[in-house]
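The values are calculated or read from the model by the stated rules, or taken from the named source; none is laboratory data. Computed from a predicted structure; not experimentally measured. Because the Cβ atoms are built from the backbone with ideal geometry, glycine has one as well, and the counts that use them run over all protein chains shown. Accessible surface is based on the protein model in full, side chains and every heavy atom, while ligands, DNA and RNA are left aside. Shrake-Rupley method; radii C 1.70, N 1.55, O 1.52, S 1.80 Å.
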Amino acid sequence: MPGTDRPGRIVVVGASLAGLRAAEALRDNGFTGELTLVGEEDRPPYDRPPLSKAVLLGRVRAADVTLPARRAVDARWRLGVRAEGVDLTHRTVLLAGGERLPYDRLLIATGTRARPWPHPGEAALHGVLALRTAADAALLSGLLDAGPRRVLVIGAGFTGSEIASACRGRGLDVTVVERGPAPLVGALGGTLGAFAAALQRAHGVDLRCGVTVTSLQGRDGRLVGAELSDGGRIEADVAVVCLGAVRNTEWLDGSGLAAGPRGLACDAGCRAFDMYGIVTDDVFVAGDVARFPHPLFEYQLLSLEHWGNAVAQAEVAAHNMISEGPRRRPHLAVPAFWSSQFGLNIKSVGVPTFSDRVVIAQGSPAERRLVAVYGYRGRVTAAVSVNRAKSLEYYERLIESAAPFPPDPATTDRTVAPTPVPSDVPDPRQLSHGPTVALTGHLPDRRGLALVRRES
């Protein structure tokens, strides 16, 4: 049995997908020591992707969304408890209420939370909410059941677009307001962003791009509408704030770890860095809260809000937590995600935002069935399929082998090589919804600083 060379006590902070899968992997790899999972929510781990899809469509109750366990983890569960700090010197986790949990190795898997509406008074209006937790989904589903006159969705990333899709699926009027030029443009670039805009409008969404919501209007404590930056006004009973995610790192302030708004930085083996950039050997990180280097993307630090990444990274972290030196392995999985909206299945491999060109290699937007392949500096870096997922395994191999971009026409369904166009991935600061993939690092051809010589 592999990896039993580091016994002792392990504490996992974050009892959602990454935390659960890490705990299971620890036991699978032969860890027999004391295992404790700490989670802020008071319910066992559950699956989040259905919250913006099946739950809002009324096909399943939020309370019934579960995350199947792969095996018993024989752990001490501390649910409904917030972690408030880490003492690296004494190897303890500080819990709300003052209790200290000792550990020999610590896994941080605290994930993200929904970015709130920035005006607390407006955010407190009845009918204004975000969607991240099962409780959020239950509340929003109830509001939709009541048949609102109109739903306002602020931000057209994946969550916002899936909510708009669910609203139209219920026959509800919905307006989507996005500061960027198109829905999904921050994740998929301009070509598929234009496709997504046409798709939403074809399904009856009142899509407003290039504008922002300047204020939410209330009466008697209830939402009645919103003012827009172009002078327009929308009447709405429900507003769903989809401004992206905030990584849960504030509890690490002052800990000495390299944690900040973009996540907790780590090496390819999931070992967290301290504030000096020195890798620790007893603190690990996995899931949405992690920033990790990936050789396929020039070792820039990736922050991914992907279900599959949380699972794969948790398994690598668990293996390395109980393995010594050369037995450890890197987290090198190719990023992948999926979304269902407006009757279409969208899947991706690689990092579409790590691109400068894109080409429709198979199918077409008119068919609503296509594969878009992304390239950067002449090699394939990502592929996105719409109702054509069977091809993605092939493109994943191209990404892993740094195959030339654009792909040879013999590998597409074209007789003539399609013409690549700029991928038009905007600066995330131009978007309402924030990126689901954040690349942060140094590119050798971009100077991040300038030397200024002081005159003597």
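Could you tell me whether segment 295-361 comes out rounded, prolate or oblate from its Cα gyration tensor? Rule is a ≥ b ≥ c as square roots of the eigenvalues, rounded for a/c under 1.5, then prolate if a/b exceeds b/c, otherwise oblate.
Values: a/c = 3.54, a/b = 1.75, b/c = 2.02.
Cα axes put segment 295-361 in the oblate bin.
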* Asked: In nanometres, what is the gap between the two model label sites at MET275 and ALA123, each 7 Å from Cα along Cα-to-Cβ?
  -> 2.6
* Asked: Using a basic spin-label model with each label point 7 Å from the Cα along Cα→Cβ, how many nm lie between THR89 and ARG233?
  -> 6.0
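Order the peptides 210-217, 358-365 from the highest to the lowest mean number of other Cβ atoms within 10 Å of their residues. All intermediate terms of the calculation are to be shown ahead of the outcome.
On the way: 210-217: 16.1, 358-365: 20.5.
Highest to lowest by the protection proxy: 358-365, 210-217.
Which order do the peptides 373-380, 15-22 come out in when sorted by mean C-beta neighbours inside 10 angstrom, highest first?
Working: 373-380: 21.0, 15-22: 27.2.
Order by mean packing, descending: 15-22, 373-380.
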* For segment 64-104 and segment 1-54, compute the distance between their C-alpha centroids and round to whole Å. => 10
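Tell me which GluC sites (Glu not before Pro) from segment 253-350 have a DSSP coil assignment and no more than 16 other beta carbons within 10 Å of their own. Display every interim value, and only then the final one.
Values: sites: GLU298, GLU305, GLU315, GLU324; in loops: GLU298, GLU305, GLU324.
Answer in residue order: GLU298, GLU324.
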* Could you provide, to the nearest whole Å², the per residue accessible area of the chain with probe 1.4 Å? => 43
* To do: Can you bin the chain into rounded, prolate or oblate? Criterion: square roots of the alpha carbon gyration tensor eigenvalues sorted a ≥ b ≥ c, rounded for a/c under 1.5, prolate for a/b above b/c, oblate for the rest.
  => oblate
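Can you tally the net charge around ARG91? Count Lys and Arg as +1, Asp and Glu as -1, for every other residue whose Cβ sits under 12 Å from the Cβ of ARG91. Can you show the working numbers first?
Working: positive: ARG9, ARG100, ARG105; negative: ASP87, ASP104, ASP281, ASP282.
Result for the neighbourhood of ARG91: -1.
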* **Inter-label distance, nm, simple model (7 Å from Cα along the C-beta direction), ALA366/VAL421** => 1.4
* Asked: What shape does segment 138-279 have by the C-alpha gyration tensor, where a ≥ b ≥ c are the square roots of the eigenvalues, rounded means a/c under 1.5, and otherwise prolate means a/b greater than b/c and oblate the rest?
  -> prolate
* Asked: To the nearest Å, what is the center-to-center distance of segment 152-220 and segment 305-368, using C-alpha atoms only?
  -> 24
* Asked: Are there chymotrypsin sites (Phe, Trp or Tyr not before Pro) in segment 246-330 that DSSP marks as loop and that have at most 13 other Cβ atoms within 10 Å, and which are they?
  -> TYR276, TYR299
